Each structure stands twice: as C-alpha cells, then as structure tokens.
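Below is one structure, written out as structure tokens, with a few remarks after it.
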Amino acid sequence: MQEEKRLAQLHAALSQRLDTCSSEGTLHKMPSLLTHPYFMDYVTIIVCHKGSIRLLANGSPYTVSDGETAFVSENVLLQILATSDNLEYSLLCYRIAPIRHILGNTVVMMRIYDMQNTLPLHIVPTETDTIFPLYISLIQSAQSATLSAYRENERQLLLVSLTYRLCDFFSSHIPERPEIPTRMIEIFGKLVSLIGQHFQKERKVTFYADKLCLSPKYLTALVKSVSGYTVQQLIFKAIVRRSIFLINSTSKTIQEIADELSFPNASAFGTFFKKQTGHSPKHYRRKTSCTF
C-alpha cells in the first residue's frame, strides 16, 4: 500500500509539473503518465536497480538495465515503452530555476554541456558513480520530512550539490574544450536568458546584440566559441523545444501554435519545423501519440 501511495504521489507531481518529482524510494511500476509522450522540462535521473526499462527519448529507443543509471537532458520528450516484471527503480526530476540564484555560472555551464551534447539520454553503469543513488535518497529524505525552513534549505543545497556533480559528470563525457573565460560565460548566460524571454517574437541576431551592447559579428563569434552554435541556431533550438512541447502536451491546433510562435501562418511554421526535425508538425504529433 505504501508503494502504491508513493506511485500515486509521483504521478500527481508529474501531472502538476512540480519543481521536484521523486519516487521517494524504489518503485516497481512506472506512472501511467510516462507511458505516453511526456515533455521532460527537468533534469532527470533514473536508477534501475533490477530488471529493465525500454523507452523513447526524442524518438530514439533506449534500454536501461539492471545496475544502470540514465541521465535525461532537459527538455526531452520521454515515453516508457515497456518494463520487466521484476523492475525496481528510483527516479528524480528537478528544475534548475528554483536554485538558479545559488548556482550562478553553473547554470550556464550546464546549458553549454547540454548544447554540446547531441544525445537526449546517457546511460552509465551505476557503480561508475554510486553517489547519484545516494543523492536521490538524501533529497527524498529532506523532501519527505516535516516541512521547515531548515529542511527546505537542506533540500535546495542538496539539489545544488547534485547539480555540481552532474556538471562534473557531463564534463567528463563531452570532449574537452579550452577553458572559457568568465566574461564570455557571463555574456553567453545573458544571451541564453534573453533568448528565453524573447525567442517567440524576436529572431534576428541584431536584436540580441543590441540588448547586450555588442556587434552582431562579435556576439556570433563569441557564442560559436562557447557553445559551438550560432546565435540563430540557439534561437531555433528554443523555438523547436517550445514547438515540441505545444504539439505533444497541449491540444492547440497547428495554426494556434504558429500564432503563438509568431509565424505568419501554419504553412510557414510547418516548413520551419520540418526543416529542423525532419517531420511535419502533424506527422510529429501522430508519431509521438502512437501506442507502442
């Protein structure tokens, strides 16, 4: 009964899109919500203690098996396809925003790693870094305890510490790059923030360069050096991520989505989306809503 209660709580937390969602211990079943395409706008860790989990991440198939830990990048469309009868797993999803003020430039570094990483999901043997299951247990303990200012601060600091550990993990799994000067990281961070605020309406590099009091040429060179992408590509990535969320997590029509993202019409949005993803919006919606 206790496990059924925790499963229901996890399902409710994901349904309500709370900032932190946890299995609060090992579970044998997945929330039914995750058996359908679910937009994970979280940092997500899945520890498979026993059995196996077959899933899709942005349409690509993966299997997480006994003794493996899966790290899911932010803003990934996730769907559980099947689980073994003997499954035991722990899960933690959390958003960076509530602890952003504590993390500082670490948030920017996580975005850099995310942009350099072409895979939506990493799977490693759990024994490679046994600290992650321990973090999940500690965060669950702090979250489950009687609410107090001390407990809340403890939970936030544990999430901060976990984020630093994840940065260390990703830095060791992504090809090394020369150290990036602090000033460049600060500018990149401001640009990422500006894109998050304005990408639905503003797509010209000149707009963001003006906001940062820089020339478009200098800003483009700086961003390319830091992330490997152009400013335009970062803007397009933000549009695609928002598009995927609206297509798969809302009942909005393609025209309504095009209007929200400031495209002149549904046809123009469809052309852009297909060029970026390889699928039309309607096909993508059908593809990810299928029962596997």
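For the reader, a short list of remarks on this structure follows.
- The residue that is nearest to ASN75 (Cα to Cα), counting only those in the range 226-279 that are charged (D, E, K, R) and under 21 Å from the mean Cα position of the chain (by Cα), is ARG241.
- Options LEU33, LEU14, LEU10, LEU81: the member that is assigned to a strand (DSSP E or B) and closer than 25 Å to PHE245 by Cβ: LEU81
- Out of LEU81, LEU33, LEU27, LEU14, sole residue that is in contact with a helix residue (DSSP H, G or I) (Cβ under 7 Å, 6 or more places away or on another chain), loosely packed, with under 15 Cβ neighbours inside 10 Å and at pLDDT 90 or above: LEU33
- Enumeration of residues in the range 120-130 that are surrounded by fewer than 15 Cβ atoms within 10 Å (Cβ to Cβ) and either within 23 Å of MET40 (Cα to Cα) or at pLDDT 80 or above (or both): VAL124, PRO125
- Residue within the range 37-53 that is of a type in the set (Val, Ile, Thr), more than 14 Å from LEU91 (Cα to Cα) and open to solvent by less than 60 Å² (accessible area, probe 1.4 Å) present: no
- Just one of the listed residues (GLU74, GLU68) is open to solvent by 40 Å² or more (accessible area, probe 1.4 Å) and under 13 Å from ILE244 (Cβ atoms), namely GLU74.
- Considering the range 245-284, the residues that are in a loop (DSSP other than H, G, I, E, B), over 19 Å from HIS36 (Cβ atoms) and not β-branched (Val, Ile, Thr) include one that is modelled with the lowest pLDDT, namely GLY278.
The values are calculated or read from the model by the stated rules, or taken from the named source; none is laboratory data. Note that the structure is predicted; figures quoted are calculated from it, not measured. Please note: Cβ atoms are built from the backbone with ideal geometry, for glycine as well, and neighbour counts cover all protein chains shown. All accessible areas refer to the heavy atoms of the entire protein, side chains included, with ligands and DNA or RNA removed. Shrake-Rupley method; radii C 1.70, N 1.55, O 1.52, S 1.80 Å.
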